[in-house]
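Engineer: Here you go, one structure.
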Amino acid sequence: MSALTLRGVTKKFGKTETIHGMDLDINAGEFVVFVGPSGCGKSTLLRMIAGLDEVTAGAITIGGGDITTKPPSERKVAMVFQSYALYPHMTVAENLSFGMRMRGVAKDVIAQKVRMAVEMLRLVPYLDRKPGALSGGQCQRVAIGRALVQEPDVFLFDEPLSNLDAELRLKTRVEIAALHKRLGKTMVYVTHDQVEAMTLADKIVVLRDGVIEQVGKPLDLYNAPANLFVAGFIGSPAMNFLASESFSGDVLQGSLQGYARDSRVKTIGIRPEHLVISADGPIVGVVTAIERLGTTSYVYFEKKGQSLCAQVADALELAVGNIVQFHVADKHVHGFDAAGLRIGNF
């Protein structure tokens, strides 16, 4: 297992700087997820680790060795791309062994590594099939297997599930998590899907505009986001935000009183699951839409022109146009100052 370290890593395309002096420590054996909106720099960062893009400034080390200027073939990293990039005229076995054959690896070693990969990824029945005869999930497992046989120090995944349907995404996500548990190797995974980030990661790195906004365990980021951006990005549905003046004239109860006593708070954040329907709740709004998902419903409502969402266990009695009142579970109001930084819970 090898640790991965970035120190002052910067990337410029011409005069445009897209990665701004980034520092990051990834421990040996960790599963780290880079997450953020499109254009935040997560794929560029991954490509610099892989050696596919040059580092403008700074240093990248794996296992204590500087790989900043090394070619991809000398970095002991393996990358799984969004596109499977399989050779369509080759069978699964040939796709898995191609790189080793080109490097002149002994046939018995190739056979051993291919056998290990197909057994681990449950691809044995498909060894003689070509990509055109495989499902999307099976193709992605072959792509992962191709990385696996390289026996790298670090695995890199660039949005590997984005081309799969919802059911296959779930199954493949579980398989990747199980693979990490079996191998214990350092893995870096890029996604824009915060659900993937929350379910896969030992540690999440939230990026915006080439800058790290916050690094931490999934639940730490969920329960204590550093700022408004992280609070709004981590969690589905997103956290509700209310300007402090939206409560002028309201009778505040429970945890909302704590926020009202702190003059630093300019914005409060409340997650949908922490809004509870209550006959005397201080948050009053008009229902605009309801998404019924079985055991849970998402109730969308407006309060003084602001659109909010509540996660409700039983919304059978609600209809669009109803007036609803909510209170907030204690200590689940997040306060943010004028700069958007989180102050704490109230």
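Rule-based calculations on the coordinates, nothing more; no lab input. All values derive from a computational prediction rather than experimental measurement. With ideal geometry, Cβ positions are generated from the backbone for all residues, glycine too; neighbour counts draw on all protein chains shown.
Engineer: Check Q82: other-chain or 5+ apart residues with amide H under 5 Å from its amide H, H built from backbone geometry?
Structural biologist: D158
Engineer: While we're looking at this one, here's another question. Please compute the modelled spin-label separation between E54 and D23, points set 7 Å along Cα→Cβ, answer in nm with one decimal.
Structural biologist: 2.7 nm
Engineer: Which distance in nm do the two modelled labels at A111 and T296 give, with both placed 7 Å along the Cα-to-Cβ direction?
Structural biologist: 5.1 nm
Engineer: Which percent of the Cα-Cα distances in the chain go past 27 Å?
Structural biologist: The calculated P(r) of the chain puts 55 percent of pairs beyond 27 Å.
Engineer: To make sure I understand the rule: partners must be aspartates and glutamates, Cα under 19 Å from the Cα of K11, and not fewer than 8 residues away in the same chain. Which ones qualify?
Structural biologist: D23, D25, D53, E54, D66, D158, D209, E213
Engineer: Another question, if that's okay. Determine the calculated [θ] at 222 nm for the chain from helices alone, applying -39500 (n - 2.57) to every DSSP H run no shorter than 4 residues and normalising by the residue count; nearest 500 deg cm²/dmol.
Structural biologist: -7500 deg cm²/dmol
Engineer: Can you give me the relative contact order of the stretch 4-228 as a percent, contacts being Cα pairs under 8 Å and 6 or more apart?
Structural biologist: Relative contact order of the stretch 4-228: 29 percent.
Engineer: How big is the stretch 239-345 in terms of Cα radius of gyration and Dmax, in angstroms?
Structural biologist: Computed over the Cα atoms of the stretch 239-345, radius of gyration and Dmax are 13.5, 41 Å.
Engineer: Right, next: Within 10 Å, Cβ to Cβ, of M48, how many net charges do the neighbouring residues add up to if Lys/Arg are +1 and Asp/Glu are -1?
Structural biologist: 0
Engineer: A further question on this structure: Multiply the residue gap between L341 and S135 by 0.36 nm, knock off their C-alpha separation, and tell me the result in nm, one decimal place.
Structural biologist: 69.6 nm
Engineer: Around E30, which amide H atoms from residues at least 5 apart in sequence, or from another chain, sit under 5 Å from its own amide H, with H modelled in the peptide plane?
Structural biologist: When sequence neighbours closer than 5 places are left aside, the close amide H contacts are M187.
Engineer: Next question. At a 10 angstrom cut-off on C-beta neighbours, averaged per residue, how do the peptides 74-81, 186-193 rank from highest to lowest?
Structural biologist: Ranking, from highest mean packing down: 186-193, 74-81.
Engineer: In terms of Cα to Cα distance under 29 Å, which lysines are near enough to K266, apart from those fewer than 8 places away along the same chain?
Structural biologist: Candidates past the 8-residue exclusion: K217, K303, K304, K331.
Engineer: By how many nm would the segment from R103 to T288 grow when fully extended, if each residue of separation counts as 0.36 nm and the alpha-carbon distance is taken off?
Structural biologist: 60.4 nm
Engineer: Among rounded, prolate and oblate, which fits the stretch 166-223 when a ≥ b ≥ c are the square roots of the eigenvalues of its C-alpha gyration tensor, a/c under 1.5 means rounded, and a/b larger than b/c means prolate?
Structural biologist: Here the stretch 166-223 falls in the prolate category.
Engineer: Using per-residue counts of other Cβ atoms within 10 Å, averaged over each peptide, order 92-102, 26-36 from highest down.
Structural biologist: Top of the packing list down: 26-36, 92-102.
Engineer: Then there is this: Could you size up the charge dipole of the chain around its Cα centre, putting +1 on the beta carbon of Lys and Arg and -1 on that of Asp and Glu, and report it in debye to the nearest 20?
Structural biologist: Around 1080 debye, computed over the chain.
Engineer: What list of ³J(HN,Hα) couplings, whole Hz, do you get for the stretch 307-316 from phi and the Karplus terms 6.51, -1.76, 1.60, once you set θ to phi - 60° and write x for glycine and proline?
Structural biologist: Computed from phi, the couplings for the stretch 307-316 are 8, 10, 9, 10, 9, 10, 6, 9, 10, 4 Hz.
Engineer: Would you list which aspartates and glutamates come within 16 Å of K107, measuring only between C-alpha atoms, while excluding same-chain residues fewer than 8 positions from it?
Structural biologist: Reachable aspartates and glutamates: E94.
Engineer: Something else about it: Which ³J(HN,Hα) values, rounded to whole Hz and listed in residue order, are derived for the stretch 31-46 from phi using the Karplus coefficients 6.51, -1.76 and 1.60 in 6.51 cos²θ - 1.76 cosθ + 1.60 with θ = phi - 60°, glycine and proline given as x?
Structural biologist: Working through the residues one at a time gives 9, 10, 10, 8, 9, x, x, 4, x, 7, x, 5, 6, 4, 4, 5 Hz.
Engineer: In nm, what is the difference between 0.36 nm times the number of residues separating A177 and V195 and their Cα-Cα distance?
Structural biologist: 5.1 nm
Engineer: Compactness ratio of the stretch 131-242: Cα Rg over 2.2 N^0.38 Å, N = residue count?
Structural biologist: Working it through for the stretch 131-242, the quotient is 1.18.
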